[in-house]
Amino acid sequence: MLNVSKIREDFPILKRLINGKPLVYLDNAATTQKPQAVIDALVDYYSNHNANIHRGIHTLAEEATAMYEKARERVAKFIGAKGAQEIIFVRNATEAINLVAYSWGRAFLKKGDEIILSESEHHSNLIPWQLVAKEKGVNLRFIPINAEGYLDLKEYKRLLSTKTKLVSIVHISNVLGTINPVAKIGKMAHEVGALFLIDGAQSVPRMPIKVEDLECDFLAVSAHKMLGPTGIGFLYGKKHLLEEMPPFMGGGDMIREVYLDHSLWNGLPYKFEAGTPNIADTIGLGAAVDYLEKLGMENIFKHEKMLTEYALSRLSELSYPSTPLGAGLRIYGPKTTENKTGVISFSIKGIHPHDVAQILDKEGIAIRSGFHCAMPLHQKLKIPATCRASFYIYNTKDEIDKLMEGILKAKKIFKI
Amino acid sequence: MDDIYRENILDHYKNPRNFGKLKNPTASFSLYNSACGDKIEIQLKMKNEKLKIIEDIRFSGEGCAISMASASMLTEKVMRKNIHEIKKLNTQDILDMLGITLTPTRLKCALLPLEVLQKAINS
Ligand SMILES: Cc1ncc(COP(=O)(O)O)c(C=O)c1O
């Protein structure tokens, strides 16, 4: 189990008062807060080691290069990659998916090929494929979701064929918190010879992930959702696939030999890292990975499950007419934590999510309201904008009680 | 901020004035704010082709208390007004009408109905 009160001391922002109240930060699916260790890593890099990497032979350049590459090794180990070469640093999960779409997609997709996505994808795992599909004459197919947000695997099986070249699926939905059975989905993709990409933006921060166990060819992750800085993320790709793929961007660092009319590409992972990378934030990501590993991903997963379960039970006090507090609250997605974690979306009859969020903000409670970058999912489930509470390592049951009080306050203001 | 959910705002939210659709509108426009899901449609009936006076107006859609109250109050405000006056309405007029102060994000909610109305007039 996590020692939450000790963890909370590591996060300077948790000492802040918002509108005179202690911050209750429940918008972790959007981005997480940063521990002092990550902030220190950034300050230390800029204060003591700042230099451009892979070029200079002076001391600072050597130090900065070693720190940057050390972060890559940490990330590789964290997700169980075979080697650091399989980790490409990018800005965020969005860029990681775009890298695959533009590099692999443009090189290997042909007219009539098919890509399978699901109806619950974040826009970042939809729009890049729409763009490539249009350019290459490729067809997109979608695994339907049911009312609980579960993927219809029977239909998935039907959609798979030799035309399927890629299956790209979100691991944990950022709207419903549903945990998708990615290992099974990946296995089925591989059986027809398709590649499998996992959008790990929400799962890598909150559960143990070993790419080998998940039948995954590509994995897209953002550092800022797992205690790291913004502006850095990574793509994991199997080495032989990355080797076959052409560069994504051209420039310095990604070439081996350059002539006026042609060039030879650098090896992995540098082929995909054109120009001076985000050195400081990559080192910050390394520190975040260290922090998470010290806590243990298994413990983090258990802690969030416990919070999610508690929040589901508290919120359902407002879900049924027979409960003392009255009805009006609706929870979307799974109602148990069997296949759900970290994220709960809900709505309250008669109060728009914006208004709920505003009233909660006055109590110092930060939640998200809106469509959460997944409009097709909202349309399919016929859900309007929702309120979303999402948890992380520093949240407590006490904070969920405060959320409940805030919701009751909103109901009072709106007289419902 | 303290009292953005004032009695009159909540009243307009819960009992929106001029809510619904017109039979034969002369002009209509709708906008969708994809970030928050607010959707507002405004329909107008113009009287007197030359003076262009709004004879009737309806709004429909869904949104937060601020955008709905703003739409409801706006329809009352512009009823039987000349469209040249309506074209001149600005942010401050809407804030004065609502009688509250708003953060930049919520200001967007408050201004959506005016944007829809002005686009309807120009359409
Ligand atoms: C499931 C999922 N995929 C992808 C993303 C995109 O992450 P980023 O905006 O950091 O690229 C997010 C972020 O909200 C997400 O929740």
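In table form, for the structure just shown:
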quantity	calculated
Ranking by accessible area, most exposed first, for A:Y291, A:Y320 with a 1.4 Å probe	A:Y320, A:Y291
Where B:T91, A:T308 fall by accessible area, highest first, once all protein chains stay in place (1.4 Å)	B:T91, A:T308
Nonlocal Lys pairs with alpha-carbon distance under 20 Å, the stretch A:244-340 (8 or more apart, or different chains)	6
Percent carbon-and-sulfur accessible area, the stretch A:51-294, ignoring ligands, DNA and RNA, probe 1.4 Å	54 percent
Sparse-neighbourhood loop sites, trypsin sites (Lys or Arg not before Pro) in the stretch A:299-377 - DSSP loop, at most 15 other Cβ within 10 angstrom	A:K335, A:K349
Computed accessible area, A:M404, all protein chains, 1.4 angstrom probe, square angstrom	0 Å²
Cα gyration tensor, chain A - rounded (a/c under 1.5), prolate or oblate	oblate
Cα gyration tensor shape of the stretch A:1-126, rounded if a/c is under 1.5, else prolate or oblate by comparing a/b with b/c	oblate
Within chain B, longest stretch free of exposed trypsin sites (Lys or Arg not before Pro) [DSSP loop, at most 10 other beta carbons within 10 Å]	B:81-123
By accessible area with a 1.4 Å probe, ligands and nucleic acids excluded, highest first: order of A:V43, A:V192, A:V170	A:V43, A:V192, A:V170
Selected from A:N92, A:N339, A:N125 as most flexible by GNM, with chain A as the system and alpha-carbon contacts under 10 Å	A:N339
Accessible area of B:L117 in the full protein assembly, 1.4 Å probe (Å², nearest 10)	0 Å²
Cα-based helix-to-principal-axis angle, A:297-316 vs chain A, degrees rounded to 10	30 degrees
Global form of the stretch A:206-262, assessed from the alpha-carbon gyration tensor, a/c cut-off 1.5	oblate
Cα centroid separation, the stretch A:98-171 to the stretch B:59-123 (Å)	41 Å
1.4 Å probe, heavy atoms, protein only - residues of the stretch B:28-77 losing at least 50 Å² accessible area vs chain alone	B:C36
A:L264 accessible area, 1.4 Å probe, all protein chains in place, Å² to nearest 10	80 Å²
Between 0 and 90°, nearest 10: helix A:127-136 axis offset from chain A longest Cα axis	40 degrees
GNM flexibility winner over chain A from A:A71, A:A389, A:A37 (Cα, springs under 10 Å)	A:A37
Part-to-part distance (alpha-carbon centres) for the stretch A:400-416 and the stretch A:1-79, which is given in Å	35 Å
Within-12-Å neighbourhood charge of A:K335 [Cβ basis; K, R +1; D, E -1]	-1
Where B meets A: accessible area buried, both sides, 1.4 Å probe, Å²	1500 Å²
Hull-based mean projected area of the stretch A:51-294, where the convex hull spans the alpha carbons, in square nanometres	13.5 nm²
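The values are calculated or read from the model by the stated rules, or taken from the named source; none is laboratory data. Note that the coordinates shown come from a computational prediction; the quantities given were computed from them, not determined experimentally. Reconstructed Cβ throughout: ideal geometry from the backbone, glycine too, with neighbour counts over all protein chains shown. Surface areas here come from the heavy atoms of the whole protein model, side chains and all, with no ligands, DNA or RNA. Shrake-Rupley method; radii C 1.70, N 1.55, O 1.52, S 1.80 Å.
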